[in-house]
Number of protein chains: 4
Amino acid sequence: MKALVVGASGYAGADILRILLRHEKVDSVEATSRAYEGKPVSGLHQNLKGAFDGNFIGFNADKTDADVVFLAIPHGESMQQVPKLLERGIKVVDLSADYRINDQALYERYYVKHTSPNLFKEAVYGLPELFREKIKKARLVANPGCYPTAAILSLAPLGAFKDKIDASKVVVDAKSGTSGAGVKAETFYMHTEVDENLKIYKPVGHRHQPEIEHILKGFIPKISVSFTPTLMPIIRGILSNAHVFGDLSSVDLRSHFEKFYQKEGYVRVVDAACTKNVSHSNFCDISVHYDAEKKRAIIVSAIDNLVKGAGGQAVQNMNLMFGYGESTGIDALPHHP
Amino acid sequence: MKALVVGASGYAGADILRILLRHEKVDSVEATSRAYEGKPVSGLHQNLKGAFDGNFIGFNADKTDADVVFLAIPHGESMQQVPKLLERGIKVVDLSADYRINDQALYERYYVKHTSPNLFKEAVYGLPELFREKIKKARLVANPGCYPTAAILSLAPLGAFKDKIDASKVVVDAKSGTSGAGVKAETFYMHTEVDENLKIYKPVGHRHQPEIEHILKGFIPKISVSFTPTLMPIIRGILSNAHVFGDLSSVDLRSHFEKFYQKEGYVRVVDAACTKNVSHSNFCDISVHYDAEKKRAIIVSAIDNLVKGAGGQAVQNMNLMFGYGESTGIDALPHHP
Amino acid sequence: MKALVVGASGYAGADILRILLRHEKVDSVEATSRAYEGKPVSGLHQNLKGAFDGNFIGFNADKTDADVVFLAIPHGESMQQVPKLLERGIKVVDLSADYRINDQALYERYYVKHTSPNLFKEAVYGLPELFREKIKKARLVANPGCYPTAAILSLAPLGAFKDKIDASKVVVDAKSGTSGAGVKAETFYMHTEVDENLKIYKPVGHRHQPEIEHILKGFIPKISVSFTPTLMPIIRGILSNAHVFGDLSSVDLRSHFEKFYQKEGYVRVVDAACTKNVSHSNFCDISVHYDAEKKRAIIVSAIDNLVKGAGGQAVQNMNLMFGYGESTGIDALPHHP
Amino acid sequence: MKALVVGASGYAGADILRILLRHEKVDSVEATSRAYEGKPVSGLHQNLKGAFDGNFIGFNADKTDADVVFLAIPHGESMQQVPKLLERGIKVVDLSADYRINDQALYERYYVKHTSPNLFKEAVYGLPELFREKIKKARLVANPGCYPTAAILSLAPLGAFKDKIDASKVVVDAKSGTSGAGVKAETFYMHTEVDENLKIYKPVGHRHQPEIEHILKGFIPKISVSFTPTLMPIIRGILSNAHVFGDLSSVDLRSHFEKFYQKEGYVRVVDAACTKNVSHSNFCDISVHYDAEKKRAIIVSAIDNLVKGAGGQAVQNMNLMFGYGESTGIDALPHHP
């Protein structure tokens, strides 16, 4: 089959390329970029030298003959391309935010005017652990944001105790590496400014907050998520601490999580989550803690923001949409150290 | 004057030495270590080569002729030495936890049996911004823990709004560098295990939680602090996010913090706190944010855990106890980058 | 087929495990460790949780029924086990130094008394790019050291110009990450001591110097290599700068290297080598520079010390020894970023 | 006295500001910047908040009433300003390359056309350890480059053995942190591209090579330096390995270095140089090694590129030019860890 990665000059695009080039079902991969059209892909992504020696091409939704298109372009742009692609029978995994929140008013409060809200009905939120069956039938999958992937997987299982927890005061204090900011050169993300530094950067009003909340309402209807991210001096990885108040003393939380995810190949319930144990892999590690004195659960989740938080999950979604084995091409194990 | 640093082989001790060697009021400094007695200080702390070429000595509380003793030894050990030192008229800055919590039952719940609780009455918690006048008159100062320094400075000003906030659900999600763990070689803290990694390490029940709570009760009597630390791949620095629910929409929080600390030389209210801006200095930077949608204040504080969180604050306390200028020896500015 | 990794608690062993668990020809993998016998492998190598949930076992060369044994144990110990394994018809990839230098006197000058020098004749140095045909027929492969892998691949092609260079003054100034030191907790390798630090650590007399020299003499008989390593604050990666004096102005060095390695899948000649472009992969990137003013070639090579410098190359050798596709199990691409 | 820092938006300028703000002889400091004129200094250099709350001003060489001017501006621009400043009786420490190489042809080969070569005669190379007496009398000091500071201090003492060494094949393989590249946002220096990476970046033809060579010719007339730098994932620090062939078996090299620098306050001869032991300080640590087998000396030197390699040394020069104590304002000790 033929895959096209649109916006492949970025880091998420790069990781999709890397995966597809070793994917046994994918016969051909092409990469588009407005800024780099005509230039060698391996000039920018030097890791791919020898594995992908073609050039970036331009993108034309009306002409591509790909079977699947990955859109790794900004929100507001995806919504221009998706209708054209679907009309031509091409399946789409959209890594932008455009179809993640299927509530037009909410979307537009945080982003821009939406031009194809009619697709909200059929777009599926691409978190396979929670929406696998819908993804299998989808033409359009909205690949989740990186923070939402970590936060939602850590909180959805608490739906079983939704009446025991104070859903109005859930704090998600998340930490991310620098690759989440993308490839653009900005002083804020220079090595000299980031290294040996912990920086608060968007304590209030981050766009991933409504996404997290919107999806979690399906599990915990009254949830209100207070989300604060911090920038960390690592390249890859998100560690997300969810603090949830409620008397869960009668519950074996860890067992509950283990059961909730027992059939999942990419969620591991561990003693103490850390980003290194999932780095460069599609795993999400979750550790579950309960503070009996404070009646507070702390659910810690760790992902690689570019794999499970972007490109790996995108391919996981493609595998489901096309009926391939779910782990095809993304079964690489993390490393130690 | 003559200063003695007990337990100077550790990182906190090293930083006190570094400061005292350039302190204009200190004529003589000595360093003790059980493990390194007789060995050159600059063999272990190679940064001090040329500045301090003496050896580690042994410690005998009954014989030292120091004017001030800094105890950088484990809890449980300080309480053995302090009574002897005070009896001989020597002023003490204790960096252990032994006199921080002047509530015997609470102390013993988290630490060990206390052998000199009679000193609780006179021991002063050494956070100059909050207890300066008492410190000036003290013979015994309990130097605050690193996390508590950051957390308490960020939350004490909220005492003014204690009736507006939900004091029962204050979350402090703090991040620390590796120097906080001390100099002991353990696999958990090796470079290979820490670098490029974010690790949860004591999500529940950290000993700094009761210390933070105990001191803050003087400002917010009903406060209950839910404290969770994370280990970060930096050497120095703590970033502490305090999440406080409550309708503070009528309050100008930032102005309030600026007024609260307006006479303080070492607390700066900034736009967005980060550890690098205070690293290698005695500053505590605080940024104040309010999430109007969620009715949540986020107070972020940043310190260098070995300076404001240990050795720098210890010398700040010594300066106050001896009537020196408060910034003597600790007025170094942080660096950029 | 059945594989056994001896000494699998270390980092090299961990990487061999990681690879073999995804190797299509390997049906069964076992891991031995003296220190961790009976304990779960994924307790120590938490990256493997879910993929390898067995325990470390003990090792008995007389009883193992493996088809191939990887020895990731110290020099001096391998030589005790190898004869027993070969006698029983088991193929061996030895990651120790015991059979790398087939010159007993030279070996013993740097290591220990050798107890099975009779095997020198048949042991093959496991650098497939240079000794592929011999490896295919070998029962015993001596997997190269990490620094030697980088240095030898960068210098062997200069054999073509051996009369133009000053072979007596070749300087190899190499830099390594901390995983090269292994998993043992030592103060020297703590995060606090390594991070933000560049440290010289064995400027003279490193054991990899004779290994580099010994192998390169097959290409440049008069070569004398002056080798100096430095410790770098990264986990994985070696960058090796080889400085070679000689008038090579009439030579197109880069073309020469490209031709030399044109059929190789794991050596890439690039513009400017760096470790990140090969990290977590089996590639060796080489960049070739010539200083016309100083008549000096600088050949820079980059590898992941645990993959091409240890476990990846070990499996590459196994693939050759068993007639599998050379890249089976080790074709993962590096990441960007 | 009054000091002016021209080009204070950069990292070197920032470090000069930081030092001067705590310098007991400096009554007033001003900071110029073309790009940031009118904006608060502590907006850009947030470390200085509270210590320097003025704005960046414009620069006019004809009007400034400073006693000393530090020029932290690009080469080619300094030479425009210096004559005007000297004419007005103002002393200048120039951090650009414009007066470091007092050989017009050599300068112009590597830089640009020189417009005030007449000043070469009186400009003094500002390496106090080697040229202290001249600096004391100078009106114009050319502050050395960062790599040259490290390399020259490590090689000048070998002048005593200039007939024993092969001066034609001296290799300087140096490693630098990212702050050496300055504050400008470029993809090459982003955290994502630098962290966990070792990158060769200018293996041949770096402009510091002629500077090193030119100064060292005063000590070792026949020296030819082959210089290669590498970029390292640390913020501050240069580690410079000088490899020098020659039979020095009859020499006690370490003693020689200790004697050479015995009166120097900022050069320490140590067992094994590393950057952390000098970081944030004006020290240069040097370790001296000799490879008897290869007849090769390896002299390793470590500096903080922004202190001894830029701003600290600039103030050291100012102190000498004005007759202040040489260590005034720059006697901060490095930290551990």
List the strands (runs of 3 or more DSSP E) that sit entirely inside segment B:1-119 and contain at least 1 residues that are more than 20 Å from B:Ala138 (Cα to Cα). B:28-32
Hey, A:Asn197 hits all of (1) over 21 Å from the mean Cα position of the chain (by Cα); (2) open to solvent by 10 Å² or more (accessible area, probe 1.4 Å) but one; which does it fall short on? (2)
Of the residues in segment A:48-60, how many are touching a residue at least 12 places away in the same chain (Cβ under 8 Å) and either at the interface with chain C (Cβ under 9 Å from one of its Cβ atoms) or open to solvent by 10 Å² or more (accessible area, probe 1.4 Å) (or both)? 9
In segment B:227-279, the residues that are of a type in the set (S, T, N, Q) and in contact with a Phe, Trp or Tyr (Cβ under 8 Å, 6 or more places away or on another chain): B:Thr230, B:Ser240, B:Ser249, B:Asn277
The condition of being touching an Asp or Glu at 6+ places or on another chain (Cβ under 6 Å) and either more than 30 Å from D:His336 (Cα to Cα) or in contact (Cβ under 8 Å) with a residue 12 or more places away in the chain (or both) holds, among C:Val225, C:Val183, C:Val141, C:Val170, only for C:Val225
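Check C:Val124, C:Val112, C:Val141 and return the single one that is modelled with pLDDT of 95 or more and open to solvent by less than 10 Å² (accessible area, probe 1.4 Å).
On the way: C:Val124 fails: open to solvent by less than 10 Å² (accessible area, probe 1.4 Å); C:Val112 fails: open to solvent by less than 10 Å² (accessible area, probe 1.4 Å).
Matching residue, one of C:Val124, C:Val112, C:Val141: C:Val141.
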Step by step: first the residues of segment B:249-263, then only those that are surrounded by 17 or more Cβ atoms within 10 Å (Cβ to Cβ) and under 21 Å from the mean Cα position of the chain (by Cα), then the one that is nearest to the other protein chains (Cβ to nearest Cβ). Which residue is that? B:Tyr261
Condition set among the hydrophobic types (A, V, I, L, M, F, W, C) and closer than 11 Å to C:Ala14 by Cα, scope segment C:29-47, selection nearest to the other protein chains (Cβ to nearest Cβ): answer is C:Leu44
Are any of the residues in segment C:274-281 under 17 Å from the mean Cα position of the chain (by Cα) and either in a strand (DSSP E or B) or closer than 21 Å to C:Phe161 by Cα (or both)? no
Considering only residues of segment D:287-301 that are touching a Leu at 6+ places or on another chain (Cβ under 7 Å) and in contact (Cβ under 8 Å) with a residue 40 or more places away in the chain, which is surrounded by the most Cβ atoms within 10 Å (Cβ to Cβ)? D:Ser301
Whether any residue in segment C:240-248 is crowded, with 24+ Cβ neighbours inside 10 Å and under 16 Å from the mean Cα position of the chain (by Cα) is what I want to check. yes
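For segment C:120-129, how many residues meet the condition of being over 13 Å from the mean Cα position of the chain (by Cα) and within 25 Å of C:Lys308 (Cβ to Cβ)?
So the count comes out to 4.
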Only one residue in A:Ile299, A:Ile220, A:Ile235 is more than 10 Å from every other protein chain (Cβ to nearest Cβ) and in contact with a helix residue (DSSP H, G or I) (Cβ under 6 Å, 6 or more places away or on another chain). Which one? A:Ile220
Considering D:Glu213, D:Glu196, which residue is facing chain C (nearest Cβ under 7 Å) and acidic (Asp, Glu)? D:Glu196
Please state which of the following conditions C:Gly7 fails to meet, knowing it meets all the rest: (1) at pLDDT 95 or above; (2) loosely packed, with under 15 Cβ neighbours inside 10 Å. (2)
Condition set open to solvent by 10 Å² or more (accessible area, probe 1.4 Å) and not hydrophobic (A, V, I, L, M, F, W, C), scope segment A:326-337, selection farthest from the other protein chains (Cβ to nearest Cβ): answer is A:Glu326
Exactly one condition in (1) touching a residue at least 60 places away in the same chain (Cβ under 8 Å); (2) surrounded by 20 or more Cβ atoms within 10 Å (Cβ to Cβ); (3) out of contact with any strand residue (DSSP E or B) (no Cβ under 8 Å at 6 or more places or on another chain) is false for B:Cys284; which is it? (3)
On the given criteria, is A:Lys175 open to solvent by 10 Å² or more (accessible area, probe 1.4 Å) and either within 25 Å of A:Gly265 (Cβ to Cβ) or in contact (Cβ under 8 Å) with a residue 40 or more places away in the chain (or both)? no
Give me the residue from segment A:39-89 that is within 23 Å of A:Gln104 (Cβ to Cβ) and of a type in the set (A, V, I, L, M, F, W, C) and, out of that set, farthest from the chain's Cα centre (by Cα). A:Ala61
With criteria (1) of a type in the set (Asp, Glu); (2) surrounded by fewer than 24 Cβ atoms within 10 Å (Cβ to Cβ); (3) under 23 Å from D:His208 (Cα atoms), D:Asp271 comes up short on (3)
Could you tell me whether any residue of segment C:302-325 is of a type in the set (Ser, Thr, Tyr), modelled with pLDDT of 95 or more and surrounded by fewer than 20 Cβ atoms within 10 Å (Cβ to Cβ)? yes
Leading residue by the ranking (nearest to A:Lys276 (Cα to Cα)) among those in segment D:169-199 that are modelled with pLDDT of 95 or more and β-branched (Val, Ile, Thr): D:Thr192
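The values are calculated or read from the model by the stated rules, or taken from the named source; none is laboratory data. Please read all numbers here as calculations on a predicted model, not as lab measurements. Methodologically, a virtual Cβ is constructed for each residue, glycine included, from the backbone with ideal geometry; neighbour enumeration extends over all protein chains shown. To get the accessible areas, we keep the full protein, side chains included, count just its heavy atoms, and leave off ligands, DNA and RNA. Shrake-Rupley method; radii C 1.70, N 1.55, O 1.52, S 1.80 Å.
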